[in-house]
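The block underneath contains the structure these notes are about, expressed in C-alpha cells.
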Amino acid sequence: MLSRVAHLESAFTDTPTAVLVTEYRGREHHLRLKYESFNPSGSIKDRTAAGLLMVMDRQVPLTPGTVVVESTSGNLGLAMARQLAEIDCRLIAVIDPKTPPATRDSLAAAGVEVCHVDTPDGFGGYQLTRLERVRALCAGNPGYRWPNQYASFANPWIHQLTTGPEIVAQGGPDLDAVYVAVSTGGTLAGISAHLRSVDQQIRVVAVDAEGSMVTGTAPGRRHLAGIGASRPSAFLTPYAYDGAVRVGDAESIAVCRILRDDTGVALGGSSGCVLRACLTELAGDQPPRSPLCLCPDGGDRYQATVYDDAWLTTVGIADEVRLAETRLRNDGLRFQNG
C-alpha cells in the first residue's frame, strides 16, 4: 500500500509543451505553450494541491477522516478532492459564482462538500468573502484543517521544485521569456525562484487580470475564474518578475476563441490571458525570441462560460468580445500548430 506522501507525489507528472506559430501585426513568431491540462485532474493546481497537502502532512499527519477546508475558484478544489480521497480524507470547498458550472458539477460528483458564497467582496471578486467563510468554518470546527494556499510556503515551493525545472528543460537554451498567470502568486514566485537560480537572462512576466489587486492598485469587476485576486499576493516581490501585463476579460476570451477556431485547441480563460499578454509583447519593439506560455488549464470546463455566447451576454461583455476578435483579426492574428 502506498504511503500518504507517495499518493501525493503521484500528482507530479511532466506536462508537455507544443510549438505554436503565430502571425500578428505583420510578423511571424514561434512560441511554446506548456499544457498543464495534462495533470491528473486537468490543471496546474494538481501540483499546488500536492505541495500544500504534503507540507500539512509533515506538520500533522493527514489521518483518515481528516476534513480539509479551502477557498478555491475551482481547480484547486478538484485537485485536492482527488488527492484527499486517495488517503481517505475529505474536502469542504468554498466557491463563488465565478466557478464554472462544469467545475461545480465535478466537485459535487467527487463527493466534495461545496460551500457557496455569493456576496461580492468590494474589490472586484469574491475572494475575501470566501476567506471569511473559511475562517468561520474552522473557528466553529476546531478539527478542520486549512492549507491556506494564499500564505503557505508550500505553494511557491512546489513550483520551484517541479514546474520551474520542467520549463527550463523544455524551453531549451534559447528560452528568453516565460509568461505566468497570477492569482495567489505562488506559481509565479516558485517558477521565478528556480529561473533566477539558473539563468538571470530569462524574463519573467506576471500576467494579471484587469481589475486585479495582485499587480494593480485599482480594483474592478472580473468575470474569469482562476486569475487575479482581490488583494496583493503574499508571495510576490518586485524581484520575482520583470514586468506585468494586465489583460481584460474580453481580450482573453477573444484569443481563446481565435485559437480554437484556428487550431482546434481550447484553452481556459486564464490561459487565454497568458497568450494575450505574450502577443502584446511580441508586437512590441523588443519582442522575445523564444517565449513560453504556461497554460494553467484547458477549455473543457469553460464551455458554458468562455465559449458560450449566452454567458457572454449575461455578464454583459458579448459586444466587447466580438469587437476584440475583429480587432485582433484585422491586426493579422492567425495561429497554426507548429
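The values are calculated or read from the model by the stated rules, or taken from the named source; none is laboratory data. Keep in mind that this is a model prediction, so the values were computed, not measured. We place every Cβ from the backbone using ideal geometry, glycine too, and count neighbours over all the protein chains shown. When the accessible area is computed, the model is the full protein with side chains, heavy atoms only, and any ligands, DNA or RNA have been set aside. Shrake-Rupley method; radii C 1.70, N 1.55, O 1.52, S 1.80 Å.
List of remarks:
- Subset of region 171-229 (residues that are farther than 21 Å from residue 284 by Cα, hydroxyl-bearing (Ser, Thr, Tyr) and not in a loop (DSSP other than H, G, I, E, B)): 187, 192, 197
- Looking across 288, 296, one residue alone is within 23 Å of residue 40 (Cα to Cα) and open to solvent by 10 Å² or more (accessible area, probe 1.4 Å). It is 296.
- Within region 107-131, being assigned to a loop (DSSP other than H, G, I, E, B) and without any contact (Cβ under 8 Å) to a residue 12 or more places away in the chain holds for 119, 120.
- Scanning region 13-71 for residues being open to solvent by less than 50 Å² (accessible area, probe 1.4 Å) and among the basic types (Lys, Arg) gives a total of 3.
- Boolean, residue 104 is on the phi < 0 side of the Ramachandran plot, in a helix (DSSP H, G or I) and at pLDDT 95 or above: no
- Scanning region 111-129 for residues that are small (Gly, Ala, Ser), open to solvent by 20 Å² or more (accessible area, probe 1.4 Å) and closer than 20 Å to residue 304 by Cα yields nothing.
- Odd one out for residue 77 among (1) assigned to a strand (DSSP E or B); (2) closer than 27 Å to residue 210 by Cβ: (1)
- Residues that are over 18 Å from the mean Cα position of the chain (by Cα) and assigned to a helix (DSSP H, G or I), drawn from region 238-253: 238, 239
- Taking region 72-82 as the range and being of a type in the set (Gly, Ala, Ser) and either more than 16 Å from residue 302 (Cα to Cα) or open to solvent by less than 10 Å² (accessible area, probe 1.4 Å) (or both) as the test, the residues that pass are 74, 77, 79, 81.
- Restricting region 237-279 to residues that are buried (at least 21 other Cβ atoms within 10 Å of the Cβ) and acidic (Asp, Glu) leaves a set whose member that is nearest to residue 27 (Cα to Cα) is 251.
- Meets criteria (open to solvent by 10 Å² or more (accessible area, probe 1.4 Å) and touching a residue at least 60 places away in the same chain (Cβ under 8 Å)) for residue 186: no
- Of all residues making up region 205-227, the number that are surrounded by fewer than 20 Cβ atoms within 10 Å (Cβ to Cβ) and without any contact (Cβ under 8 Å) to a residue 60 or more places away in the chain: 4
- Within region 237-281, the residues that satisfy the criterion of being closer than 15 Å to residue 179 by Cβ and among the aliphatic types (A, V, I, L, M) are 240, 244, 245, 247, 255, 259, 267, 274, 275, 277, 279.
- Looking across region 304-338, the residues that are in a loop (DSSP other than H, G, I, E, B) and either in contact (Cβ under 8 Å) with a residue 12 or more places away in the chain or open to solvent by less than 20 Å² (accessible area, probe 1.4 Å) (or both) come down to 304, 305, 306, 307, 317, 331, 332, 333, 338.
- Scanning region 130-174 for residues that are in contact with a Pro (Cβ under 9 Å, 6 or more places away or on another chain) and open to solvent by 20 Å² or more (accessible area, probe 1.4 Å) yields one hit, 170.
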